[in-house]
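Let me begin by presenting the structure, written as structure tokens, before commenting on it.
The values are calculated or read from the model by the stated rules, or taken from the named source; none is laboratory data. Worth saying up front: this structure is predicted, and the values here are computed from it rather than measured. Note that we place each Cβ from the backbone using ideal geometry, even for glycine, and neighbour counts take in every protein chain shown.
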Amino acid sequence: MHISLFITCFNDTLFPETGRAMVRLLERLGHTVEFPLEQTCCGQMHYNTGYQEETIPLVRRFVEVFGQAEAIVAPSASCVGMVKEFYHNVADRSGDPELMEQVEAVVPRVFELSQFLVEELGVEDVGAYYPHRVTYHPTCHSLRVLHVGEAPLILLRNVRGIDLVELPAAQECCGFGGTFAVKNADTSMAMLGDKIRHIKDTGAEVCAAADNSCLMHIGGALNRQRSGVEPVHLAEILASTEEN
Amino acid sequence: MQTPTFEESAKAYLSDTQLRRNIGHATHTIRDKRQTVVDEMPDWEVLREAGSSLKNRIMRHLDEYLLQLEESVRQAGGQVHWARDAGEANRIIVDLVKEQQVEEVVKVKSITTDEIKLNRALAEEGVRALETDLAELIVQLAGDEPSHILVPAIHKNRAEIRELFRKKLNQGELSDRPEDLAEAARLYLRKKFLSAKVGISGANFAVADTGTVAVVESEGNGRMCTTLPETLITVMGIEKLIPTWRDFEVFMQLLPRSSTAERMNPYNSFWTGVTEGDGPQEFHLVLLDNGRTNVLADEVGRQTLNCIRCSACLNVCPVYERTGGHAYHSVYPGPIGAILTPQLRGLEDEGAASLPYASTLCGACYEVCPVKINIPDVLVHLRGKIVDRKKRAGGLNAKSDPEYIGMRLMARAFKSRSRYERAQKMARVGQKFFVKDGTISKLPGELSGWTAMRDLKPIPNQTFREWWGDRDE
Amino acid sequence: MSEAKKAILEKIRNALGEVPRQERPEDITVPRHYRQQGNRAAGEVVALFAGRVGEYKATVQRVNANALAGVIAESCRREGVEKLVVPDGFPGEWLPGDEDDNVRLLHDKPGEPLSHRALDDSDGVITTCALGVAQTGTIILDAGAGQGRRVLTLLPDYHLCIVKEEQIVELVSEGFTHFEQAVREEGPPITFISGPSATSDIELSRVEGVHGPRRLEVLIVQE
């Protein structure tokens, strides 16, 4: 399959290793990966913060860049959620019927990585090897916007060498919420404090998730507390093999 | 009117460890119970869909349904009054009460009457309004404000309540067992019920086609107030309608399981006007707008009026769980309050306008809402309105707002590939001032909130696209 | 028309500008494929009802019709009921006899209603009911014969309620459907009772018995 990588601006700039892992993984599974260099940002941050007018050109840009792609896959549940669940709102706001149509056309071809592997490709074992104790945090947008369900866990359970431990109160938000973490920093920290406590209780070496934004938030506290727990994106675990 | 912002208020409540324990315990207990009774319903999702459609039907034809309700209530022997705002509603009620020449009225828990501050209006006219729901009584005796829709005194523990009852109800010897505290309230209120001439209630539902009004409760104080007095005055928001009696089969399944997490709550009272020889012989229904028509006018915000006040969204909200209800400065706290309060009060109130930001958009509230109010969607929609308003107001204030500047700069950078790539490089260079030993632990200004508890990893030397370019060569 | 009414209706109509003029309420479809008819056998429904009422900490007994009077007398003895409120139309043959039982009957009659004080001073009330709902363990009263005015089941501390097996339906939907016509025609007051009065207002710990009856006993009668 021809897969267009929707890297997301956040991963492109801050977490390039996640993108590299995705390329390795998808190529290992026999697919051709393309990276359209004209892509920038999906507009999630602007949209969620209330700058919806500013989101319109970004939606336009997205449909121009990816309009012809066979499958568009991203290592971020929240950015995929933005495209799949909220682009139609932005298109409505623009009042441009052509944009509405373009959005309608592109949305069914946009996928979050784990959902793409399990539900679209039917792959449950990607042949990965990762000899570490790992706990998985299901991010809110993967759970409640995209409804990825068990997909990430199915993939993780089939990783060789992994010691997967259940995270208590896993479904609770980590307190990130984009600009929430800055605007309501105190409440955000109270939520994060509980999440960190639960992660530490598992005794895991690694905390995995399908969103680097939440992982940056969680990892920021893990690092501050010198906890020794590493935040690692799901794609990086799935890309690991015995050779690499 | 200006209220404090959520972020200011939350600070104080977050550091109150007793409060956080009380609320954390309560919300988790009821959250788990709700899940159990919802899981035993194979048709839960259809019921939610039906509830949402019925409310949608009501809202889109609200004028017709209200006229129908008015007619049905009149036919059944009741009187209907219309009130545009709190002042008008209070005036109507005060006049009705004074006609009966009483100094005291008994009240069923009603958030709508809290919203219009009815008790204060009655007090100003020399009438004492007696709250009879246990939690409302606690809040009233303490001179406090409710902090939860279902259990308004949930921020108080048994020891605090015992102290309060000792002082205010003259109960010298009193243990802190909930049984004994409830018994003290029973004894105190029984005398009041027996002598009450006027009862005041809210309404959970009113049926347009029969004029039937419903009050859903647990303690029996609702039954007392709606049957013992000779005169009953019910205040309801104009959105509390349902089309027909039969539609109760939807709402009376959704509400108890979502609210008290029971299959059915102990008492539901349904009355249709006046019944000779049984209950109040004079019945008044006050229909209240007080901002609801403004909510109705917003096509996205309109769904907020579907709310049946179950409080399931409060119990699953990670923000409410940490701050409690008082941080919202409204009788409607939690996620539903974060969308209802700013719409009822208007975005001019800075406190109300801070509420749509009191959420991580985690979506837990939408998942449990029995009438499918898409709270995250409305939150984001309201944020949009707030930003649009700021932009229109313009001026130095908006232009010097760091968030506004940041968003504008980034929007511009994302518009073209070359600008975006340049911005990536600039950020990498710019961060050098803050990186120490391979990590960022301190940021200035607005961003200091982040680094108070979290480090930041510096931007790596190579972006993904740079790596991709190198690899292609 | 009052000024307020006119203003509110006008605001509503302005707010709904986007709703097409020709749209009727019924045009908004409502999915009704939730359970409307139970599918359990009659025996199962009765057992479910008994179980669910019991979960509310009410006392439940299943009784044969010919043994009913004895069980009622026994319940009154156990609960220490000396003054028992009896609604108009309650079957006399079920009532405790005045001689051997230490029970005084307080009859509430049309034109001769018991005062609130007398009810408050009584020890208990005995009633029939209009319907039982198994799914939720709910008893429904509609102020009919043998049930009486609403206040009768409110002020006494103990409520003894007689439910006939054939009065029990399985689902909440069936319960509401049952009263549809009566509400439209007569509009009797309808009360749903699910267990004794209760509160969870203090630390969410449940206490049975606040303002309404503190003890509820249900006798399910088999003819």
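Scanning region B:267-284 for residues that are among the hydrophobic types (A, V, I, L, M, F, W, C) and either over 18 Å from B:ASN204 (Cβ atoms) or touching a helix residue (DSSP H, G or I) at 6+ places or on another chain (Cβ under 6 Å) (or both) returns a single hit, B:VAL274.
Being out of contact with any strand residue (DSSP E or B) (no Cβ under 6 Å at 6 or more places or on another chain), assigned by TED's automatic domain parsing to the domain that holds B:SER258 and either crowded, with 24+ Cβ neighbours inside 10 Å or within 26 Å of B:GLU262 (Cβ to Cβ) (or both) narrows it down to one of B:ILE233, B:ILE154, so name that one.
Numbers: B:ILE233 fails: out of contact with any strand residue (DSSP E or B) (no Cβ under 6 Å at 6 or more places or on another chain).
Among B:ILE233, B:ILE154, only B:ILE154 is out of contact with any strand residue (DSSP E or B) (no Cβ under 6 Å at 6 or more places or on another chain), assigned by TED's automatic domain parsing to the domain that holds B:SER258 and either crowded, with 24+ Cβ neighbours inside 10 Å or within 26 Å of B:GLU262 (Cβ to Cβ) (or both).
Taken as a whole, the structure leaves B:ALA86 outside the set of residues that are hydrophobic (A, V, I, L, M, F, W, C), at the interface with chain C (Cβ under 9 Å from one of its Cβ atoms) and in contact (Cβ under 8 Å) with a residue 24 or more places away in the chain. Cβ separations smaller than 7 Å between residues 6+ apart or across chains give the following pairs from region C:69-90 residues that are farther than 12 Å from C:GLY124 by Cβ to residues that are part of a helix (DSSP H, G or I) and not aromatic (Phe, Trp, Tyr): C:ALA69/C:GLU93; C:PRO87/C:LEU152. When the residues of region B:291-332 are filtered to those that are facing chain C (nearest Cβ under 10 Å) and outside any helix (DSSP H, G or I), the one that is farthest from B:GLU8 (Cα to Cα) is B:GLU299. The selection criterion, being in contact with a Cys (Cβ under 9 Å, 6 or more places away or on another chain) and closer than 21 Å to B:MET41 by Cα, holds for B:VAL316.
Scanning region A:108-152 for residues that are buried (at least 17 other Cβ atoms within 10 Å of the Cβ), assigned to a helix (DSSP H, G or I) and either free of Cβ contacts under 8 Å to residues at least 40 places away in the same chain or among the hydrophobic types (A, V, I, L, M, F, W, C) (or both) returns A:LEU113, A:GLN115, A:PHE116, A:LEU117, A:VAL118, A:CYS140, A:LEU143, A:ARG144, A:VAL145, A:ALA151. Scanning region B:404-423 for residues that are modelled with pLDDT of 95 or more, part of a helix (DSSP H, G or I) and of a type in the set (Phe, Trp, Tyr) turns up just one, B:TYR420. Test A:PHE62 against the stated conditions and say whether it is assigned to a helix (DSSP H, G or I), under 20 Å from A:PHE6 (Cα atoms) and within 13 Å of the chain's Cα centre (by Cα). Here the answer is no, as A:PHE62 does not meet what is asked. Exactly one residue out of B:VAL151, B:VAL102 is in a loop (DSSP other than H, G, I, E, B) and more than 14 Å from chain C (Cβ to nearest Cβ), and it is B:VAL102. Only one of the listed residues (B:ASN22, B:ASN56) is modelled with pLDDT under 95 and either touching a His at 6+ places or on another chain (Cβ under 6 Å) or within 12 Å of chain C (Cβ to nearest Cβ) (or both). That residue is B:ASN22. Any idea which residue in region A:21-36 is farthest from A:TYR87 (Cα to Cα), counting only those that are of a type in the set (Val, Ile, Thr) and either at pLDDT below 95 or not in a helix (DSSP H, G or I) (or both)? Top of the filtered list is A:THR32.
Filtered by the rule that a residue be more than 8 Å from chain C (Cβ to nearest Cβ), closer than 16 Å to C:LEU152 by Cα and part of a loop (DSSP other than H, G, I, E, B), region B:189-229 gives a lone residue, B:PRO229. Tallying residues that are at the interface with chain A (Cβ under 9 Å from one of its Cβ atoms) and closer than 15 Å to A:THR18 by Cα within region B:437-473 yields 10.
Would it be correct to say that A:GLN52 is surrounded by 24 or more Cβ atoms within 10 Å (Cβ to Cβ) and in a loop (DSSP other than H, G, I, E, B)? Break it down into steps so the answer makes sense when it comes.
On the way: surrounded by 24 or more Cβ atoms within 10 Å (Cβ to Cβ): no; in a loop (DSSP other than H, G, I, E, B): yes.
Answer is no for this residue.
Identify the residue in region C:146-203 that is of a type in the set (Asp, Glu) and either without any contact (Cβ under 8 Å) to a residue 24 or more places away in the chain or at the interface with chain B (Cβ under 8 Å from one of its Cβ atoms) (or both) and, among all such residues, is surrounded by the most Cβ atoms within 10 Å (Cβ to Cβ).
Filtering region C:146-203 for residues of a type in the set (Asp, Glu) gives C:157, C:165-166, C:170, C:174, C:180, C:185-186, C:201, C:203.
Cutting the leftovers down to either without any contact (Cβ under 8 Å) to a residue 24 or more places away in the chain or at the interface with chain B (Cβ under 8 Å from one of its Cβ atoms) (or both) gives us C:180, C:185-186, C:201, C:203.
Working: C:GLU180: 15, C:GLU185: 9, C:GLU186: 12, C:ASP201: 32, C:GLU203: 18.
Top of the filtered list is C:ASP201.
If I filter region B:429-452 down to residues being part of a helix (DSSP H, G or I) and among the aromatic types (Phe, Trp, Tyr), which single residue comes out as nearest to the chain's Cα centre (by Cα)? Per the stated criteria, the residue is B:TRP450. Looking only at residues in region A:132-178 that are over 23 Å from B:PRO318 (Cα atoms) and among the charged types (D, E, K, R), the one that is nearest to the chain's Cα centre (by Cα) is A:ARG157.
Residues in region A:65-85 that are touching a residue at least 40 places away in the same chain (Cβ under 8 Å) and part of a helix (DSSP H, G or I): A:PHE66, A:ALA77, A:SER78, A:CYS79, A:VAL80, A:GLY81, A:MET82, A:VAL83, A:LYS84, A:GLU85. May I ask you to list the residues in region A:206-241 that are surrounded by fewer than 17 Cβ atoms within 10 Å (Cβ to Cβ) and under 17 Å from A:LEU155 (Cα atoms)? Scanning region A:206-241 gives a single hit, A:THR241.
Just one of C:ARG206, C:ARG215, C:ARG149, C:ARG184 is among the charged types (D, E, K, R) and touching a Phe, Trp or Tyr at 6+ places or on another chain (Cβ under 6 Å); which is it?
Values: C:ARG206 fails: touching a Phe, Trp or Tyr at 6+ places or on another chain (Cβ under 6 Å); C:ARG149 fails: touching a Phe, Trp or Tyr at 6+ places or on another chain (Cβ under 6 Å); C:ARG184 fails: touching a Phe, Trp or Tyr at 6+ places or on another chain (Cβ under 6 Å).
Answer to the check: C:ARG215.
Of the residues making up region A:36-46, those that are under 15 Å from B:LEU409 (Cα atoms) and at the interface with another protein chain (Cβ under 7 Å from one of its Cβ atoms) are A:THR40, A:CYS41, A:HIS46.
Checked against (1) facing chain A (nearest Cβ under 9 Å); (2) at pLDDT 90 or above; (3) part of a helix (DSSP H, G or I), B:MET426 meets all criteria but (1). Counting only residues that are within 9 Å of another protein chain (Cβ to nearest Cβ) and touching a residue at least 40 places away in the same chain (Cβ under 8 Å), how many does region B:59-69 have? Count: 4. Taken together, the criteria place B:ILE92 among residues that are out of contact with any Lys or Arg (no Cβ under 6 Å at 6 or more places or on another chain) and either hydroxyl-bearing (Ser, Thr, Tyr) or at pLDDT 95 or above (or both).
Of all residues in region A:22-59, exactly one satisfies the criterion of being within 13 Å of B:TRP468 (Cβ to Cβ), touching a residue at least 60 places away in the same chain (Cβ under 8 Å) and of a type in the set (A, V, I, L, M), namely A:MET22. Of the residues making up region A:37-49, those that are assigned to a loop (DSSP other than H, G, I, E, B) and in contact with a Lys or Arg (Cβ under 8 Å, 6 or more places away or on another chain) number 4. In summary, no helices (runs of 4 or more DSSP H) completely within region A:174-233 bear 1 or more residues that are modelled with pLDDT under 95 and outside the structural domain of A:LEU164 (by TED's automatic domain parsing). Looking at B:VAL127, B:VAL108, just one residue is of a type in the set (Val, Ile, Thr) and without any contact (Cβ under 8 Å) to a residue 40 or more places away in the chain, and that residue is B:VAL127.
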